[in-house]
Amino acid sequence: MIYFDNVSKTYADNSVALEGVTFSIEPKEFISIVGHSGAGKSTLLKMLLAEEQPSEGSVFYESKNIHKLKKNEMNEFRRSIGVVFQDFRLLPNKTVYENIAFAMEAAGKPDDEIEGDVPHVLDLVDLGHKIWAFPHELSGGEKQRVAIARAIVNQPDIIIADEPTGNLDPINTYDIVQILKKINDLGTTVLLTTHNKGVIDSLGKRVITMVDGKIVRDDKEGRYIL
Amino acid sequence: MLWINFKRILKSGFFSFWRNGFVSLSSVFVMVVALLVLGSIIFTSALLNTTLASLQDKVDVNVYFLSSASEPDVLALKQKIEVLAEVKAVEYESRDQVLAEFTERHSNDSTTLQALEELGDNPFGAVLNIKAKEPSQYESVSRFLESDSVLLSDGQNIIEKVNYNQNKVVIEKLSSIITSSQRIGLIVTIVLIFIAVLITFNTIRLAIYIAREEISVMRLVGASPMYIRGPFIVGGILYGVIAGIITLVLFYPLTAWLGKETANFFVNINIFDYYIHNFGYIFMVVLASGVAMGAISSFLAVRRYLK
């Protein structure tokens, strides 16, 4: 469903972030990308979210070049992707309910559907009791679960999780990974980047290893090898 | 769909205005200052215009006739003057009126009154008081009065003197003061409005700068630019409405206090009465400026983060 075709990215100061990256993601896959800081993981995700233009090559989503989408196609495309960040990125002045509802409102969902789905998805991440809390009243793990709930509420085709456990303690890390696994089991593709060796080794899923902007390993049922 | 979006944008705008209490408060406060400046411009220009108009009104050219000039001749000339394009009004004072005025003015001066009595006859000629539309036009009016067209049909001159030449310097000075004060007023107005708009724009830009992360999150969630922008514009309009109302309320005690001062100081204008009489107009200007500044500033400020 997603295909990176020989993608390279060179920044204005001639630093190379990606070099000849080619790989594809199949539907319902759980794929992890590992690598040191500066290996190009973030750049790769930015390419996929169309936040950055590739210097060479193209990125396809269902046979469409995502860097050539028109503005309204782009909004639609972004709604078919759920994103989870290391720093959560919740809207600070909105409650848990409103944060999740916002994603649905942006997608133009009717009010009754929003009122039904938001509590449901919060139960899925086990946060039903914090529905009227503001983000600053939540712990890191709780914030990340809200972010995941927001990412999945529009039933996206793929969830992109950019080091979602980077700011969390081991117990919360475990919880978040379990939630992502559950989402994957329900049929959503998950793309995860992480530094956490324990997470990768416990998953036993496909692992892509990056070094200096290049893919050096791509293993089915891979382990964290660096 | 459109209606649902509109409703959501409105609601979201109100909520974020309320929840960002401190930012909203300071934006409203700055906007009140800007609108006070704007309102002051309205009052100042009203003061200036009334003052200038009443000064202008005090200027006239007086034509003194010989005491031998007959009333029909003077009135015929009055009609000739009235049709001139530059002339606003011509006032006729008959010989008797001039005499009565003179007696009135010198009622405490018995020597002068005695001397007048001894003359037996009325020594004064009739007078025409001419008002031009603009001070600068007195020159051409006086030229007309010096020309042959004021002579009677038999070529006789009935005008004793025209006092334009005596007052020439004063009239010219006044006319240049009026023109330059109007020009300065316009420049000051433009500069002040520019400053007010700039301050408001920057304040709102800062308020939205604080929310730039939120804007990027909204984009990532797939919200359309208009859906992101909407609540900020609603917020900007709210700043404008609230700041406008505060400003209008503040002007009430302010003008009431200044009203007495201006009534004493300037010619026949009380700034408080002016405010009450023109409330509808001032209300519209202040509120519309507030709303426009808020909405346009928000629109432009958000655009930066939507690229």
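FYI, it's all coordinate maths here, none of it is from the lab. Keep in mind it's a predicted model, so treat the numbers as computed, not measured. Note that we place each Cβ from the backbone using ideal geometry, even for glycine, and neighbour counts take in every protein chain shown.
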With the 8 Å Cα cutoff and a minimum separation of six or more residues, region A:55-173 has a relative contact order in percent of 39
For residue A:211 and residue A:129, what is the calculated FRET efficiency with R₀ set at 35 Å and r taken between the beta-carbons, to the nearest 0.05?
0.20
Inverse mean reciprocal Cα-Cα distance (Kirkwood Rh) of the protein assembly as shown, Å
30.4
Averaged across the residues of B:206-213, what count of C-beta atoms belonging to other chains lies within 10 Å of each residue's C-beta?
1
Please give me the summed charge of the neighbours of residue B:52: other residues whose Cβ is under 14 Å from its Cβ, Lys and Arg +1, Asp and Glu -1.
+2
Using 0.36 nm per residue of separation minus the Cα-Cα distance, give me the extension gain between residue B:187 and residue B:263 in nm, one decimal.
24.8 nm
For the Cα atoms of chain A, what angle does the longest principal axis make with the long axis of helix A:170-185, in degrees from 0 to 90, nearest 10?
80
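Per residue of A:101-108, count partner chain C-beta atoms within 10 Å of its C-beta, then hand back the mean as an integer. Each step should come with its number before you reach the end.
On the way: counts 1, 8, 6, 1, 9, 10, 4, 7.
Per-residue shielding by partner chains comes out at 6.
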With chain B treated as a Gaussian network of Cα nodes joined by springs under 10 Å, which of B:203, B:103, B:51 yields the largest mean-square fluctuation?
B:103
As I understand it, the value is the acute angle between the Cα axis of helix A:96-106 and the longest principal axis of the Cα atoms of chain A; what does it come to in degrees, rounded to 10?
60
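Per residue of A:79-90, what is the mean number of Cβ atoms on other protein chains within 10 angstrom of that residue's Cβ?
On the way: counts 3, 1, 3, 3, 4, 0, 2, 0, 1, 1, 6, 3.
Mean number of neighbouring Cβ atoms from other chains: 2.
Roughly how big is region B:67-157's charge dipole about its Cα centre, with Cβ charges of +1 (Lys, Arg) and -1 (Asp, Glu), in debye to the nearest 20?
On the way: 8 positive and 18 negative charges, 82 e Å.
Its charge dipole is roughly 400 debye.
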Per DSSP, the loop-located trypsin sites (Lys or Arg not before Pro) within region A:56-111 having at most 11 other beta carbons within 10 Å are A:70
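In debye, nearest 20, what is the charge dipole magnitude of region A:91-152 about its Cα centre with +1 on Lys and Arg Cβ and -1 on Asp and Glu Cβ, if you could check? Numbers along the way, then the final one.
On the way: 6 positive and 11 negative charges, 70 e Å.
Around 340 debye, computed over region A:91-152.
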Once you place label points 7 Å from the Cα toward the Cβ at residue B:115 and residue B:82, how far apart are they in nm?
3.6
What residue among B:181, B:45, B:147 has the largest mean-square fluctuation in a Gaussian network model of chain B, using Cα springs under 10 Å?
B:147
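Of all the C-alpha pairs in chain B, what % are more than 35 Å from each other? Working shown, then result.
Values: 23497 of 46971 pairs.
Value for chain B (Cα pairs over 35 Å): 50 percent.
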When the charge dipole of region B:67-157 is computed with +1 on Lys and Arg Cβ and -1 on Asp and Glu Cβ about the Cα centre, the Cα farthest towards its positive end, among B:157, B:124, B:77, belongs to B:77
Counting alpha carbon pairs within less than 8 Å and at least 6 residues apart, what relative contact order, in whole percent, applies to chain B?
29
For region B:237-267, run through the chymotrypsin sites (Phe, Trp or Tyr not before Pro) and keep only the ones in DSSP coil with at most 16 other Cβ atoms within 10 Å of their Cβ.
B:266
What are the lysines whose alpha-carbon lies under 22 Å from the alpha-carbon of residue A:109, with same-chain residues fewer than 8 places away excluded?
A:70, A:71, A:94, B:7, B:11
If you line up the long axis of helix B:279-306 against the longest principal axis of chain B, both from Cα atoms, how many degrees apart are they, to the nearest 10?
40
Measuring from its Cα centre, region B:155-307 shows a charge dipole (+1 at each Lys and Arg Cβ, -1 at each Asp and Glu Cβ) which, in debye to the nearest 20, is 580
If I build a Gaussian network model for chain B, linking alpha-carbon pairs within less than 10 angstrom, which residue out of B:68, B:24, B:180 has the largest mean-square fluctuation?
B:68
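Defining a contact as two alpha carbons under 8 Å apart and six or more residues distant in sequence, what relative contact order in percent does region A:1-122 show? Before the final figure, lay out the partial values.
On the way: 120 pairs, mean separation 26.6, N = 122.
Computed over region A:1-122, the figure is 22 percent.
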